[in-house]
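Asks: Input: one structure, supplied below.
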Amino acid sequence: MKNQLKFSTPIHVTKPKLPKLEDYTDQIKTIWENKWLTNDGPLHEEFKTNLKEYLGSSEIELFTNGHLALEIALKTIEDKGEVITTPFTFASTIHAIKNTGFQPVFCDIEPNTFNIDVNQIEQLITEKTKAIVAVHVFGNPCDVVELDRISRDYGIPVIYDAAHAFGVKLNGRFIAEYGDVSMFSMHATKVFHSIEGGVLCYKRKELNDQFKALKNFGITSSETVDYMGINAKMNEFQAAMGLVNLKGIDQDILMRKEIYHLYENILAEVPGVNCVPIDQEVQHNYSYFPILLESKTMRDYVNEKLKEYNLFTRKYFYPLCNDFSCYPFDSNDTPVAVYVSDRILVLPMYSELTLSEVEQICTIMKIVVDDFNLQFNYRTTNQVGELSNESI
Ligand SMILES: Cc1ncc(COP(=O)(O)O)c(C=O)c1O
């Protein structure tokens, strides 16, 4: 049975989407004609215009990757101090906060969306708080309305790490309309990509010149360097990939939606596997398919066993950022994040995954979970969304 179900070629958690080769080569031809490879070339400018419309933002700037875009957004806050954020995120979020001279203060997450628990933010605000960096984890929007309220009441800017949230809308509004700045990642493994790439969306026009300078060594004119900038410019080959991929993004998201619902329908029948519900008001991008298993032992068992079927899932995000050995933080203050991080598993999700592959993945999941239950005599109990304090 195992041999029949084993995938002949490895199935990974993501697979970069490549356009037709001729579409990309058509797009890059002009680079050979004009010899303009980087520094705000024509493809960069065209991509910027198209993205501005797609992301529904009045102001945008492009960067070589999402991480440096986030660092640059934080660099514009000159008064250094504390930044409230969450540990259930990619290393980039916390490194960006630390690299720009801030001290992260960890707020716990809430158990349904894995986003910052807005009910716990205010108790962490002090006179040292300079910003909130909130992550739209797996593309599920944070409680943006409450974050807006906190931002207004305390005069603290909100920067969204929207790395996972490209194309997401909430109640028909673009997700970038919320907060002061939103950063979207366009890394090869993301729902939409420009090989590597990052975008900042914002409303304050006066940030345009500063962002442009900060990504180009702080240079503001041929004889002036006004900021301690870095090199974070997007090149023309990245912009060309973005331009071509943007044409297919809506179709890709529709294919992901089908995959998402198929997973959800089949896995609902597998005890111990809890899918993460999507709110009705959210127009999602289906960037990931995360599940919560009932215990860390079960999660680790399943993750390992699936490899025998050539199926590679990912403990994402594990370990928590407040457990990284490079930082002196402590995850004891964020028990919900510990609970989620110990149980999370992300299954393969990309637009080229076929529906029959999804069915095969679910069949394998069922076998592996049943094996675990038999071996450990385990009776499943918990459901996502019914996380009680006792179970943490
Ligand atoms: C939550 C989060 N923040 C930031 C980043 C950094 O983005 P990039 O890879 O484009 O630098 C990522 C990328 O993987 C991410 O998942």
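The values are calculated or read from the model by the stated rules, or taken from the named source; none is laboratory data. Remember, it's a predicted structure, so these values are computed and weren't measured experimentally. Cβ sites come from the backbone with ideal geometry, for glycine too, and all protein chains shown count toward neighbours.
Asks: Under 8 Å by Cβ, and 6 or more places apart or on different chains, what pairs join a residue from segment 174-186 that is more than 13 Å from the ligand (Cβ to nearest atom) with one that is of a type outside the set (A, V, I, L, M) and in a helix (DSSP H, G or I)?
Replies: Partner pairs satisfying both residue conditions: 178/148; 179/148; 179/151; 180/151.
Asks: Can you confirm whether residue 190 is within 13 Å of the ligand (Cβ to nearest atom) and in a loop (DSSP other than H, G, I, E, B)?
Replies: Considered against the rule, which asks whether it is within 13 Å of the ligand (Cβ to nearest atom) and in a loop (DSSP other than H, G, I, E, B), residue 190 comes out as yes.
Asks: Within the group 89, 64, which residue is within 15 Å of residue 163 (Cα to Cα), among the polar types (S, T, N, Q), surrounded by fewer than 24 Cβ atoms within 10 Å (Cβ to Cβ) and modelled with pLDDT of 95 or more?
Replies: Working: 89 fails: surrounded by fewer than 24 Cβ atoms within 10 Å (Cβ to Cβ).
When all the criteria are applied, what remains is 64.
Asks: Among the residues of segment 84-126, how many are under 16 Å from residue 317 (Cβ atoms), out of contact with any strand residue (DSSP E or B) (no Cβ under 9 Å at 6 or more places or on another chain) and assigned to a helix (DSSP H, G or I)?
Replies: Residues that pass the stated criteria total 2.
Asks: For the condition farther than 22 Å from residue 190 by Cβ, touching a helix residue (DSSP H, G or I) at 6+ places or on another chain (Cβ under 8 Å) and either outside any helix (DSSP H, G or I) or without any contact (Cβ under 8 Å) to a residue 12 or more places away in the chain (or both), what is the one hit in 286, 227?
Replies: Numbers: 286 fails: farther than 22 Å from residue 190 by Cβ.
When all the criteria are applied, what remains is 227.
Asks: Does at least one position in segment 95-112 carry a residue that is within 25 Å of residue 210 (Cα to Cα), within 11 Å of the ligand (Cβ to nearest atom) and among the small types (Gly, Ala, Ser)?
Replies: yes
Asks: Give the residue, chosen from 58, 92, that is among the polar types (S, T, N, Q), touching a residue at least 24 places away in the same chain (Cβ under 8 Å) and within 16 Å of the ligand (Cβ to nearest atom).
Replies: Sole residue among the options that is among the polar types (S, T, N, Q), touching a residue at least 24 places away in the same chain (Cβ under 8 Å) and within 16 Å of the ligand (Cβ to nearest atom): 92.
Asks: Do you know which residues across segment 1-28 are under 23 Å from residue 244 (Cα atoms), surrounded by 11 or more Cβ atoms within 10 Å (Cβ to Cβ) and charged (D, E, K, R)?
Replies: Correct list: 15, 17, 23, 26.
Asks: Could you say which residue among 342, 370 is at pLDDT below 95 and either surrounded by fewer than 18 Cβ atoms within 10 Å (Cβ to Cβ) or of a type outside the set (Ser, Thr, Tyr) (or both)?
Replies: Working: 342 fails: at pLDDT below 95.
Matching residue, one of 342, 370: 370.
Asks: Answer with yes or no whether residue 320 is aliphatic (A, V, I, L, M), surrounded by 15 or more Cβ atoms within 10 Å (Cβ to Cβ), touching a residue at least 60 places away in the same chain (Cβ under 8 Å) and touching an Asp or Glu at 6+ places or on another chain (Cβ under 8 Å). Please lay out each step first, then the result.
Replies: Details: aliphatic (A, V, I, L, M): yes; surrounded by 15 or more Cβ atoms within 10 Å (Cβ to Cβ): yes; touching a residue at least 60 places away in the same chain (Cβ under 8 Å): yes; touching an Asp or Glu at 6+ places or on another chain (Cβ under 8 Å): no.
When the stated conditions are applied, residue 320 does not pass them.
Asks: Sort through 82, 78, 53, 46 and tell me the only one that's away from the ligand (no atom under 16 Å from the Cβ) and modelled with pLDDT under 95. It would help to see each step written out before you state the result.
Replies: On the way: 82 fails: modelled with pLDDT under 95; 53 fails: modelled with pLDDT under 95; 46 fails: modelled with pLDDT under 95.
After ruling out the rest, the residue left standing is 78.
Asks: Being surrounded by fewer than 17 Cβ atoms within 10 Å (Cβ to Cβ) and either out of contact with any His (no Cβ under 6 Å at 6 or more places or on another chain) or closer than 18 Å to residue 342 by Cβ (or both) is the filter here, so list the residues in segment 301-312 that pass it.
Replies: The answer is 304, 307, 308, 310.
Asks: Okay, moving on. Consider residue 195 carefully, then state whether it is within 16 Å of the ligand (Cβ to nearest atom), at pLDDT 95 or above, among the aliphatic types (A, V, I, L, M) and assigned to a strand (DSSP E or B). Steps first, answer last, please.
Replies: Values: within 16 Å of the ligand (Cβ to nearest atom): yes; at pLDDT 95 or above: yes; among the aliphatic types (A, V, I, L, M): yes; assigned to a strand (DSSP E or B): no.
Here the answer is no, as residue 195 does not meet what is asked.
Asks: Moving on. What number of residues within segment 93-106 are crowded, with 22+ Cβ neighbours inside 10 Å and either of a type in the set (S, T, N, Q) or under 23 Å from residue 292 (Cβ atoms) (or both)?
Replies: 3
Asks: Same structure, new question: In segment 238-285, how many residues are closer than 30 Å to residue 41 by Cβ and of a type in the set (A, V, I, L, M, F, W, C)?
Replies: Filtering segment 238-285 for residues closer than 30 Å to residue 41 by Cβ gives 238-253, 285.
Cutting the leftovers down to of a type in the set (A, V, I, L, M, F, W, C) gives us 239-241, 243-244, 246, 249, 253.
Adding up the residues that qualify gives 8.
Asks: Collect the residues in segment 134-169 that are within 11 Å of the ligand (Cβ to nearest atom) and without any contact (Cβ under 8 Å) to a residue 40 or more places away in the chain, keeping them in residue-number order.
Replies: Answer for segment 134-169, where residues must be within 11 Å of the ligand (Cβ to nearest atom) and without any contact (Cβ under 8 Å) to a residue 40 or more places away in the chain: 136, 160, 162.
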